[in-house]
1. What's the total number of residues in segment 123-159 that are part of a loop (DSSP other than H, G, I, E, B) and β-branched (Val, Ile, Thr)?
2. Would a scan of segment 186-194 turn up a residue that is under 28 Å from Ser250 (Cβ atoms), exposed (fewer than 13 other Cβ atoms within 10 Å of the Cβ) and either within 24 Å of the chain's Cα centre (by Cα) or acidic (Asp, Glu) (or both)?
3. List, please: which pairs have Cβ atoms under 8 Å, are six or more places apart or on different chains, and start with a residue in segment 66-80 that is in contact (Cβ under 8 Å) with a residue 60 or more places away in the chain and within 15 Å of Ile206 (Cα to Cα) and end with one that is aliphatic (A, V, I, L, M) and not in a strand (DSSP E or B)?
4. In the list Ser23, Ser108, Ser97, which residue meets the criterion of being modelled with pLDDT of 90 or more, farther than 23 Å from Ser205 by Cα and crowded, with 17+ Cβ neighbours inside 10 Å?
5. With a cut-off of at least 2 residues that are in contact with a Ser or Thr (Cβ under 7 Å, 6 or more places away or on another chain), name the strands (runs of 3 or more DSSP E) lying wholly within segment 160-275.
6. Do you know which residues across segment 26-46 are assigned to a helix (DSSP H, G or I) and surrounded by 15 or more Cβ atoms within 10 Å (Cβ to Cβ)?
7. Give the residues of segment 275-327 that are among the charged types (D, E, K, R) and more than 16 Å from Ala229 (Cβ to Cβ), sorted by residue number.
8. Among the candidates Ser205, Ser164, Ser226, Ser218, which residue alone is closer than 24 Å to Trp64 by Cα, crowded, with 18+ Cβ neighbours inside 10 Å, among the hydroxyl-bearing types (Ser, Thr, Tyr) and touching a residue at least 24 places away in the same chain (Cβ under 8 Å)?
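The values are calculated or read from the model by the stated rules, or taken from the named source; none is laboratory data. Computed from a predicted structure; not experimentally measured. Here the Cβ positions follow ideal geometry from the backbone for every residue, glycine too, while neighbour counts run over all protein chains shown.
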Amino acid sequence: MPPKRLLSHYKLDAKRNRLITASCNAEDMLLPRSNFTFYEYDENFKLLQRQEFNIPDHLMIHDWAFTDTHYILFANRIKLDVIGSMTAICGLSPMISALSVNPSKSTSPIYLLPRFPEKSPSNRNWRVPVEAPSTMWLLHVGNAYEAKDVNGNLQIQIHACICSYQWFNFQKLFGYNWQNAKLDPSVMNVKEGGDELLPHLVQVSINLDADGTCQESSVEPLNQWSKPADFPVINPDFSGNKNKYVYAASSSGSRQTLPHFPFDMVVKLNLLDKSIHTWTVGARRFIGEPIFVPKGREEDDGYLLVVEYAVAIQRCYLVILNPKRIGKADALVARLEVPRHLNFPLGFHGFWVNGS
């Protein structure tokens, strides 16, 4: 195992034209500490800067955020599972079995790590996290940005997907059972009345004064969208800047069985006028993570790529949507059949890179 492992998600800073990646130390998976290293590259993959942070807590970080002056980590807290550790060491189960979630706090720590410490005007101790007023497990980040007023007060906004610690399951994540190599998404659904446990979109707001002291933090539903959703994305040309639109995979709730997962709908949220528009894939079909392909200067000018899986015939399709037309009958641009040997019913995480 390599000494450092890259986290699943990387970011593009459109303003500075930089690629930002993050890694963690392999041994931290089993230790009550967390070491993270952030790297920033230019368009030629030249390393411009590298920063390491040691956090004295046992964390599982899958996705993260950045702004002009910060890297942002939501502290998904974990602990060792004694029985799982024994079976993992003996080779009877995956190493992930050694871990379990740790919902021991009533708040959620958020670490604001200085991106350019030599330019930071405040003396804020980054080792002291902001405590968000709810217990939440962060799944994915759509975007984050910040704004400073004339008095030096800083407001940070983060658009993300969170779920409950009670819902997140290391052993059967996304319904996959490693023991029999079968997929059963029923474990990702909940009984009536448990919707608040499921993945949903939120806006996290953090207000810091000129000295870096947190004056207020809040967690609110994004656009009041209450249906289960995940994989929030934006036009990558607006990453790190204030955005108008967020796209995500969501559930229509039309199925009697498996009403919450897998997802069968793309939702477009307008954060300015709070309007919501959707495109639904149809009966007995579901989708994965949407990917935005920029085309012009307007934020919603481009294409949305999403993989559709038709359950009845076990075939995949690459669906191309017009983001401007989501909610209209002509939103679908094309549906391309994927060769059968390349079927991937649950595909996660992709990124569009222009040929130039």
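1. 3
2. Checked against the condition, which is being under 28 Å from Ser250 (Cβ atoms), exposed (fewer than 13 other Cβ atoms within 10 Å of the Cβ) and either within 24 Å of the chain's Cα centre (by Cα) or acidic (Asp, Glu) (or both), segment 186-194 yields at least one hit.
3. Between residues of segment 66-80 that are in contact (Cβ under 8 Å) with a residue 60 or more places away in the chain and within 15 Å of Ile206 (Cα to Cα) and residues that are aliphatic (A, V, I, L, M) and not in a strand (DSSP E or B), the close pairs are Phe74/Ile61; Phe74/Met136.
4. Answer to the check: Ser23.
5. 200-208, 214-221, 265-270
6. Asp28, Met29
7. Selection gives Arg284, Arg285, Lys295, Arg297, Glu298, Glu299, Asp300, Asp301, Glu308, Arg315, Lys324, Arg325.
8. Ser164
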